[in-house]
Every structure is written in structure tokens, then in C-alpha cells.
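The values are calculated or read from the model by the stated rules, or taken from the named source; none is laboratory data. As the structure is a computational prediction, the values presented were derived from the model and not from experiment. Neighbour counts run over all protein chains shown; Cβ positions are idealised from the backbone, glycine included.
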Amino acid sequence: MDIAGLADKAGVRVRQLSGGQKRRLDLALALLGRPAVLFLDEPTTGMDPEARRATWTIVRDLVADGTTVLLTTHYLEEAEHLADRLAILHRGRIETSGTVADVVAGHGDRIGFRLPGDLQAADLPNLRVVPADISVDGGRAVATYTVTGPGLQAALYDLLRWADDEHVRLDGLEARGASLEDVFLRTAEGATR
């Protein structure tokens, strides 16, 4: 009960626990026999962010102590934080698997910003031979570059140099690496075609 953060609920009936507390109780019961292998099916569903993070700590501690944990989740952030190896399933089939770095590799880093009103898509530079994709978000045009390989820093440098030379303000500029969410969405999109 201490590990699951429920020591103060020891005298409370199960039906009086919240959904997240019931999930933590499920975890506490699973740990009673100190299993060598533990199967967890969406263990943080219904938990608030604080309880979810506490559960992640419990899972990490179990793994550090030698327990093998097989965990299913719809929370991609959870998979990124906890998985040594992962598999993305779509319609009951493994579409991709490996370490987080292996699965994310090759799916492209992103550079994006709101397109200034006086610029057209054709006015934008190609970054490392990659043209910008233009979409609309909240009524404003957004330019997004997807850069594969190790070129994020170089592409960002090229964009900033271009913006400086052309006196263009890049509002909402964001540069980020590919994520499991990007991979999942592409995998699901590609598998449905």
C-alpha cells in the first residue's frame, strides 16, 4: 500500500476509491507476490498526472530491481519514458518495434512557425532540399519543415540566416525532434492505405 501511495486508504472500501486509486490498488495487488515478470495493461488509465508519474517511478524501480515488465499503453509519452523496447501495434499487427531511438529514427525532426501575412509559400527557402508544408491552424498559415537525418541544427541555422537576411519575423518558431506520436500517426496512416 505504501509503494502504491494508498497507505492512508487502508481502511476504505474499494468501491469508495476513485478510478485512479483503484488502478493503483490493482498495481499494489500485482506486486504482492514479488513477480519476476509483471504484465500491466494500461496501468495509468484514469490517473491524474501526479499519480501517473508516481506509477512510472514504481515501474522504473521494479525494472531496476530485476522485474521484467510488459506494459500496454495508449499514452505515447508513457511509452517514451518507460520502454527499453517497444512495439507499435495497429489493427492487431506489429508495425514497428525496437528501442525508442530506433523507432523514432528516420521519421524527421520538425521546424515550424506561423507564416507572416506578407509571405507566400513560394517565398520560403528550401531547407536542406526540403520545402515547407503549409497548413492552417487557428486561421493562420503555418509553415512546417520535416528534416530527416542529423540536419536539424543545420536546417535551423539556414532558416534563421534566411530570416535575418530577408528581415522576416518567425513568430511561434519551434524546433523539435521526432516523437513517438509522429511515428504512431504515420504508422497508422500508412497502414490504413
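Restricting region 12-33 to residues that are free of Cβ contacts under 8 Å to residues at least 24 places away in the same chain and within 22 Å of Leu70 (Cβ to Cβ), which is surrounded by the most Cβ atoms within 10 Å (Cβ to Cβ)?
Leu25
Does region 38-68 hold any residues that are on the phi > 0 side of the Ramachandran plot and at pLDDT below 90, and which are they? So that I can check it myself, show each step before the final result.
The first filter runs over region 38-68 and keeps only residues on the phi > 0 side of the Ramachandran plot, leaving 42, 46, 66.
Correct list: Gly46 only.
Mind telling me which of the residues Leu71, Leu82, Leu86 ends up being within 23 Å of Leu185 (Cα to Cα), modelled with pLDDT of 90 or more and touching a Gly at 6+ places or on another chain (Cβ under 8 Å)?
Details: Leu71 fails: touching a Gly at 6+ places or on another chain (Cβ under 8 Å); Leu82 fails: touching a Gly at 6+ places or on another chain (Cβ under 8 Å).
The conditions single out Leu86.
Just one of the numbered conditions (1) more than 18 Å from the chain's Cα centre (by Cα); (2) not β-branched (Val, Ile, Thr); (3) not assigned by TED's automatic domain parsing to the domain that holds Arg23 is not true of Asp65; which one?
Only one criterion is unmet by Asp65, namely (3).
So which helices (runs of 4 or more DSSP H) stay within region 1-99 end to end and still have 3 or more residues that are touching a strand residue (DSSP E or B) at 6+ places or on another chain (Cβ under 7 Å)? Talk me through it step by step, then tell me what you get.
Values: elements: 19-31, 49-64, 76-82.
So the answer is 49-64.
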